[in-house]
Amino acid sequence: MSDLERTRFANPMEILDPNDTCVDFLLNDTSPSMDEDGFEAKKTKRDHMHEATEDYLEIKRQQRPQDYVAIIGYSHRATLCCGLSNVYEQYPEIRDALAKLKTLSGYGTRIQPALKKVLDLVRCEDWVHADGVLVRVLAYSDGQDQSQPGALRLADELKSMGVMVECFGVARNRREVDEAFLRQVASETDGFVHYRFLGDGELVRRTFTKLATGTLVFEG
């Protein structure tokens, strides 16, 4: 079975342990192409991802108040919109960071500087390495990345530290996304790659809603 076939289908999400703390680094593509038409009338791809992230955060706040998130936007450079913040106590600050994210612009797509910011934060926050803490990177892109060798080295270092990397391609057509690269960035567990192509608005919403309380589990 090819990698493409393997990552096309997914089981229901695996539910996060309610007693654990989940730390999510949200890596948001803010390249100009994200402002192109999305999957529904009068909505851009950026609009779809913004709405899905808002829903994800609201579910986190209500059902997993012990969790933390950090929000990073990236195009040719990376911007830390907010550092690690508790989804319940610092919810207003996280919402402000989302608003800032909508205003970011740039050129090109380079996930490398975003991964570097994640690595720096993981290194300096000792508590994220404690038992009962799951650290994840949730990264999406709608185009071809220009930082591949360096990005892969950083992704490998994060994964060697126990960070789970979930990647998503967001586009109307698979050919618009460098799926082979995103699969390399993503984690692999039990032979399955934590990558999913999101080719319509409903799938975007459903996936990120479930990510609030679960992790991707793929079937062969």
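Its DSSP H runs of at least 4 residues, each contributing -39,500 (n - 2.57), put the calculated 222 nm mean residue ellipticity of the chain at -11000 deg cm²/dmol, to the nearest 500. In a DSSP loop and with at most 15 other Cβ atoms within 10 Å, the chymotrypsin sites (Phe, Trp or Tyr not before Pro) in the stretch 42-101 are Y88.
The stretch 16-65 and the stretch 169-198 have Cα centres lying 17 Å from one another. Under the criterion of Cα pairs below 8 Å and six or more residues apart, the relative contact order for the stretch 17-65 equals 22 percent.
So for the stretch 147-220, considering every pair of alpha-carbon atoms, how many percent are separated by more than 19 Å? The proportion of pairs with Cα distances above 19 Å equals 39 percent. Taking amide H as placed 1.01 Å from N in the peptide plane, the amide H of S85 sits under 5 Å from that of V69, A70, each at least 5 places away or on another chain. Ordering I59, I94 by accessible surface, largest first, gives I59, I94; the 1.4 Å probe counts only protein heavy atoms, with every chain in place.
Gyration tensor analysis over the Cα atoms of the chain returns equivalent ellipsoid semi-axes of 22, 20, 18 Å (largest first, whole Å). Expressed to the nearest 5 percent, the antiparallel share of DSSP beta bridges inside the stretch 72-220 is 35 percent. Normalising the average separation of contacting C-alpha pairs (under 8 angstrom, six or more residues apart) by the number of residues puts the relative contact order of the chain at 30 percent.
Antiparallel as a % of all DSSP beta bridges within the stretch 15-102, to the nearest 5? Looking only at bridges with both residues in the stretch 15-102, the antiparallel portion is about 50 percent. Working from the Cα coordinates of the stretch 61-113, the gyration tensor eigenvalues give, after taking √(5λ), semi-axes of 24, 11, 7 Å in decreasing order.
The values are calculated or read from the model by the stated rules, or taken from the named source; none is laboratory data. None of the values given here were measured: they were computed from a predicted structure. Neighbour counts are summed over all protein chains in view; Cβ atoms, including those assigned to glycine, are modelled from backbone coordinates with ideal geometry. What goes into the accessible areas is simple: the full protein's heavy atoms, side chains included, and nothing from ligands, DNA or RNA. Shrake-Rupley method; radii C 1.70, N 1.55, O 1.52, S 1.80 Å.
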